[in-house]
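Chemist: Questions regarding the structure given below will be posed in turn.
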Amino acid sequence: MKDASQILKLLNSDTKMSVNGKKGDYNKYDVEDYIKEKNNQTFVYEEDNKILGVIICHFFTSYFYLGSIIVDKNFQRKGIGKKLVKYIETLAKKRGIRYVELITKIENIGMQNLLKKLNYKKGDKFFAYSKNFR
Ligand SMILES: CC(C)(COP(=O)(O)OP(=O)(O)OC[C@H]1O[C@@H](n2cnc3c(N)ncnc32)[C@H](O)[C@@H]1OP(=O)(O)O)[C@@H](O)C(=O)NCCC(=O)NCCS
C-alpha cells in the first residue's frame, strides 16, 4: 500500500489510459482496491525505489483481463512494458490460466506493437462508452 500514491500518479499521467481522453480517471480508492482485492493483481517495476511501470490485471478462473499498463514517459522503449506483460503471463500460467484479453485505443500504436511482439492476436473493434452518474 506504500506504493499507492506513486501508482496513482503514474496511472493518471497519460490520456491513453482513459476511455474519454481525459487524464485523471483513476482515484486513490480504486488504486487501493487494485492492490487489496483478491482477484486483482497489481505489479510494479521499480528502480532505486522509484516506480517506473505498473500493470494491473483482473484474474478469473479461466482467464485474466489486462486492465492497465503504463510505463513512465522517461523510461519507455527500454523493455519495461514487455517485461511486465511477460511477468503476468508467467504468473497466470502457474495458475493454469491460458487466456488473456485486453483493449487498447486504435491510435495506440506503441501498445499494439508491443502486443504484436508478444504474439497477441487482434480481435474485433469496439467503441468505448462512458457516463458520469448524477
Ligand atoms: C505502451 C507502453 C506500456 C509500452 O511500454 P514500454 O516499456 O515503452 O515498451 P517496451 O520498451 O517493452 O517496448 C516493446 C516493444 O513495443 C513496441 N513499442 C513500444 N512503444 C512504442 C512506441 N511508442 N512506438 C512504436 N512502438 C512501440 C516496440 O515494438 C517495442 O520494441 P522495440 O523497442 O524493441 O522496438 C508505454 O508506451 C506506455 O506506458 N504508454 C502510455 C500508456 C499506455 O498507452 N498504456 C496502454 C494502455 S492499453
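Chemist: Please go through segment 42-84 and write out the trypsin sites (Lys or Arg not before Pro) that DSSP classes as loop and that have at most 11 other C-beta atoms within 10 Å.
Modeler: Listed in order of number, the matching sites are Arg77.
Chemist: Which pairs in the list Lys82/Lys122; Lys94/Lys116; Lys82/Lys121; Lys93/Lys121 are over 21 Å apart, alpha-carbon to alpha-carbon?
Modeler: Too far apart for the 21 Å limit: Lys94/Lys116.
Chemist: Exactly which GluC sites (Glu not before Pro) in segment 78-134 are in a DSSP loop and have at most 12 other Cβ atoms within 10 Å?
Modeler: Sparse-neighbourhood loop GluC sites (Glu not before Pro): Glu107.
Chemist: Still on this model: Find, to one decimal place in angstroms, the Kirkwood hydrodynamic radius of the chain, where the mean of 1/r is taken over every pair of different Cα atoms and then inverted.
Modeler: 15.6 Å
Chemist: Right, something else. How would you rank 35-44, 2-11, highest first, on the average number of other Cβ atoms within 10 Å across their residues?
Modeler: 2-11, 35-44
Chemist: Also, I was wondering about something else. Count neighbours as other Cβ atoms within 10 Å of each site's Cβ, and list the chymotrypsin sites (Phe, Trp or Tyr not before Pro) in segment 51-123 that are DSSP loop with at most 12 such neighbours.
Modeler: Phe60, Tyr99
Chemist: Using Cα pairs under 8 angstrom and six or more residues apart, how large is the relative contact order of the chain, in percent?
Modeler: 19 percent
Chemist: While we're here: If each DSSP helix of 4+ residues adds -39,500 (n - 2.57) and the sum is divided by the residues in the chain, what number results at 222 nm, nearest 500 deg cm²/dmol?
Modeler: The helix-only estimate for the chain comes to -9000 deg cm²/dmol at 222 nm.
Chemist: List every residue whose amide H lies under 5 Å from the amide H of Leu52, counting only residues 5 or more places away in sequence or on a different chain, with H placed 1.01 Å from N in the peptide plane.
Modeler: Residues meeting the amide H criterion: Tyr45, Glu46, Glu47.
Every number here is computed from the coordinates shown, using simple stated rules; none is lab data. None of these values were measured; they are calculated from a predicted model. Here the Cβ is made from the backbone with ideal geometry for all residues, glycine too, and neighbour counts use every protein chain on show.
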